[in-house]
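One structure is given here, and the rest of the page talks about it.
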Amino acid sequence: MSAVLERNPVTLPTRTHLDWLEAEAIYILREVAGQCETPVLLFSGGKDSAVLLRLAEKAFRPGRFPFPLMHVDTGHNFPEVTDFRDRRAAELGERLIVRSVEDSIRRGSVRLKEGQSRNAAQSVTLLEAISEFSFDAAIGGARRDEEKARAKERVFSFRDEFGQWDPRNQRPELWNLYNARVHPGEHVRVFPISNWTELDIWQYIAREKLELPSIYYAHRRPIVRRRGLLAPVTALTPARAGEQVEEVSVRFRTVGDVTCTCPVESVAADARQIILETVTATLTERGATRMDDQTSEASMERRKKEGYF
């Protein structure tokens, strides 16, 4: 027998770190499908949720997804992103639910001061949608490397009947054993790519040849320099008195509400070039691009305790 093995050695397939991350995420998605009655996958059209869609395809195709897609729309999103969101859902033939912060404002459940960003108000609209459809699990593309509060979160993050997150009241996840059991009114937020980094995401996008909204790649755009960030000049975010408008080659590392999401200077026109930039980046994508996370170090954690994703 040993002589046979020497002549015909067994060669195991080589697995990259992306293969392991992909396998873990697919396992988590299937755990959600197996344990939860009414899950939903949050799809904004951003790069992380585009990766989640590809993972869901690998987990469940050729069948339909065992959950609908949902986006909480602030009404102040970049049109390139919402157009991509609608087209991608149609291409997959999956149901897309859109719930709007604007509707929450009309109902009176959200009240904003003049000029205040709608980003944090998504918490209210999201919780209203979870209650409306009785979702017991909401799958999203948050990652631990994004921000300090994200790093505290479990893969299956328990939320109480008020949709709130208590970092001291979370379930152990030893040996990749996940517990999605909840009482009526409670739910879990599930993060299949929690262990991925921004670099992993872009390497996966390059490997899978995933399409993304065009603003993720270098393009010229009017900006003003504000609080160390490049604030885009748009109809919603005009330049302030005394600010100098420049046209700069930029790309977005993350996309969200126009009023608080900033690009970075870049000439990277494809995923490979972005990977090279990401390797040398010294700031996280949220730290380099999100105005709403600069108010204090506890901004994200406070919003998450109130129901933010």
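The values are calculated or read from the model by the stated rules, or taken from the named source; none is laboratory data. What you see is a predicted model, and the numbers here were worked out from it, not measured in a lab. When we count neighbours, we look across all protein chains shown, and the Cβ atoms used for this are built from the backbone with ideal geometry, even at glycine. The area values use the complete protein model at the heavy-atom level, side chains included, leaving out ligands, DNA and RNA. Shrake-Rupley method; radii C 1.70, N 1.55, O 1.52, S 1.80 Å.
Within region 84-91, is even one residue in contact with a strand residue (DSSP E or B) (Cβ under 7 Å, 6 or more places away or on another chain) and open to solvent by less than 50 Å² (accessible area, probe 1.4 Å)? Among the residues of region 84-91, at least one is in contact with a strand residue (DSSP E or B) (Cβ under 7 Å, 6 or more places away or on another chain) and open to solvent by less than 50 Å² (accessible area, probe 1.4 Å), which makes the answer yes. For region 178-225, a residue qualifies if it is over 23 Å from the mean Cα position of the chain (by Cα) and without any contact (Cβ under 8 Å) to a residue 60 or more places away in the chain, and the qualifying residues are V182, H183, P184, G185, R220, R221, P222, I223, V224, R225. Taking the criterion of being in contact with an Asp or Glu (Cβ under 7 Å, 6 or more places away or on another chain) and either of a type in the set (A, V, I, L, M, F, W, C) or open to solvent by 40 Å² or more (accessible area, probe 1.4 Å) (or both), the residues of region 202-216 that qualify are S214, I215. Can you name the residue in region 132-153 that is open to solvent by 80 Å² or more (accessible area, probe 1.4 Å) and within 21 Å of the chain's Cα centre (by Cα) and, of all such residues, is nearest to V190 (Cα to Cα)? So, considering only residues that are open to solvent by 80 Å² or more (accessible area, probe 1.4 Å) and within 21 Å of the chain's Cα centre (by Cα), the one nearest to V190 (Cα to Cα) is K152. Would you check if there is a residue in region 2-19 being small (G, A, S) and either at pLDDT below 95 or in a loop (DSSP other than H, G, I, E, B) (or both)? Yes: one or more hits. Filtering F84, F60 for residues that are touching a Gly at 6+ places or on another chain (Cβ under 7 Å) and aromatic (F, W, Y) leaves a single hit, F84.
In region 26-48, the residue that is nearest to the chain's Cα centre (by Cα) out of those that are of a type in the set (A, V, I, L, M) and either open to solvent by less than 10 Å² (accessible area, probe 1.4 Å) or more than 26 Å from I215 (Cα to Cα) (or both) is L41.
In the list V51, V81, V110, V72, which residue meets the criterion of being in contact with a strand residue (DSSP E or B) (Cβ under 8 Å, 6 or more places away or on another chain) and surrounded by 14 or more Cβ atoms within 10 Å (Cβ to Cβ)? After applying the criteria, what remains is V72.
As a summary of the residue check, R95 satisfies the conditions (1) open to solvent by 10 Å² or more (accessible area, probe 1.4 Å); (2) modelled with pLDDT under 95; (3) more than 24 Å from L199 (Cα to Cα) except for the one numbered (2). In the set (1) open to solvent by 10 Å² or more (accessible area, probe 1.4 Å); (2) of a type outside the set (V, I, T); (3) assigned to a helix (DSSP H, G or I); (4) under 28 Å from L212 (Cβ atoms), A120 fails one condition alone, (3).
Of all residues in region 97-155, those that are touching a His at 6+ places or on another chain (Cβ under 9 Å), of a type outside the set (S, T, Y) and within 27 Å of R87 (Cβ to Cβ) total 10. Of everything in region 70-86 that's farther than 10 Å from S214 by Cβ and among the acidic types (D, E), which residue is farthest from the chain's Cα centre (by Cα)? Looking at the filtered set, the residue picked out is D86.
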